[in-house]
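Undergrad: The structure that follows is given in the form of structure tokens.
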Amino acid sequence: MTVYFLCVVLLTMGLYCLVAKKNIVKKVIGLVIMDYAVNLYLIIIGYKKGGVAPVVERGMNSAMLERFVDPLPQALVLTSIVIGLGVLALMVAMCIRIYERHGTFDMSQISKLRG
Amino acid sequence: MENIAPQLYTLLVFMVVGSIIAIETKNLLSAVISVSAVGFALSIAFLFLGAPDIAITQLVVEVLVLIILIRGTILLDNTAIEKGRDTLAMVASLIFFGMILGFGALIFGSTGFPAFGEPLMRVSKVYVQTGLPATYAANIVASIILDFRAYDTLGEATVLFASILGALAILRRTGKAGEEVVSA
């Protein structure tokens, strides 16, 4: 249970960075940390005690197949990681454009974003 | 590897400390390097958890994340954060997130959530048993993402394509409509 709790701590730290920081690159970093936490959490849910990687080798019987860790979260996280990269590229592109337009990364100094 | 708990705890504590440094440091470049160290520790944690495919992908993606984030920060001259932090907002959000943590611990601790090391595998049992005979792929993860759940992979490739297209459209120097107006 402590492993899950540490994952939630990591997620909460990312959420705090996303909400409370004023620098937009810091917000992006917070989102990346949340991404890591969710991916790690899903993989940890699928871990089996004493488990091995789900790769079938020559001469394995069905009792050895029972020792595999859960492959389904791994398959979903695999694409989730790559999507995280794409979203990060989009966010950094926006950050670069905002910096060129306003000359700062600070949210409170960008007057055009004020409501 | 029978008991991986000590290695996993070490890596998780390292990740938490690295995240604290990345969040609280005053220099953007240090923050980027720290979050990248967290990502590499995550890759090692995936290796211990029996997920070599994920570990390799995370390693490659982490290098690209480092390159993209450094491109976003280092070429710009104003990378240090000089303003002091807002104490009221920090205290309020810390209390709020502490409450989230508390309620999360209550929920995960009381309900029938599977314990660490004992996954349900209600769906995955079928994949593991029929993966090799049905798809002829020795790697069960590959047989899931490319055969059993190929439509999911197609949708996620669409999301990836859309996000890269958005990044290219934002970073493009000249718009097409502007050129036509100039030439006409």
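Any read-out appearing in this document is the output of simple, stated calculations on the displayed coordinates, not a laboratory observation. In this text, all values refer to a predicted model and were calculated from it rather than measured experimentally. Heads up, the Cβs are rebuilt from the backbone with ideal geometry, glycines too, and the neighbour counts pull from every protein chain shown.
Undergrad: Mind checking B:142-154 for the average number of partner chain beta-carbons within 10 Å of each residue's beta-carbon?
TA: Average per residue, whole number: 3.
Undergrad: May I ask you to compute the full-extension gain from B:LEU94 to B:SER110, defined as 0.36 nm times their residue separation minus their alpha-carbon distance, rounded to one decimal in nm?
TA: That pair, B:LEU94 and B:SER110, stretches by 3.3 nm at full extension.
Undergrad: I've got another one for you. Under unit Cβ charges (Lys, Arg +1; Asp, Glu -1), what dipole magnitude, rounded to 20 debye, does chain B have relative to its Cα centre?
TA: I would put it at about 160 debye.
Undergrad: Rounded, prolate or oblate: which fits the protein assembly as shown when a ≥ b ≥ c are the square roots of the eigenvalues of the alpha-carbon gyration tensor, with rounded for a/c under 1.5 and prolate only if a/b beats b/c?
TA: oblate
Undergrad: For peptide B:16-25, compute the average count of partner chain beta-carbon atoms within 10 Å of each residue's beta-carbon.
TA: Mean shielding count: 5.
Undergrad: Then there's this: Taking every residue in A:3-13, how many Cβ atoms of other protein chains lie within 10 Å of its Cβ, on average?
TA: Going residue by residue through A:3-13 and averaging, the value is 6.
Undergrad: Which of B:VAL32, B:VAL13 has the fewest other C-beta atoms within 10 Å, and how do the rest follow up to the most?
TA: Fewest-to-most Cβ neighbours within 10 Å comes out as B:VAL13, B:VAL32.
Undergrad: Within a 10 angstrom radius of the beta carbon, how do B:PHE148, B:PHE48 rank from fewest other beta carbons to most?
TA: Final ranking by Cβ density, sparse to dense: B:PHE48, B:PHE148.
Undergrad: Moving to a separate point now. What value, in deg cm²/dmol to 500, does the helix sum -39500 (n - 2.57) over DSSP H runs of n ≥ 4 give at 222 nm once divided by the residues of chain B?
TA: It comes out at -24000 deg cm²/dmol, rounded to the nearest 500.
Undergrad: Decide, for chain A, between rounded, prolate and oblate: order the square roots of the alpha carbon gyration tensor eigenvalues as a ≥ b ≥ c, take rounded if a/c falls under 1.5, and otherwise choose prolate if a/b is larger than b/c, else oblate.
TA: Judged from the Cα gyration tensor, chain A comes out prolate (a/c at least 1.5, a/b above b/c).
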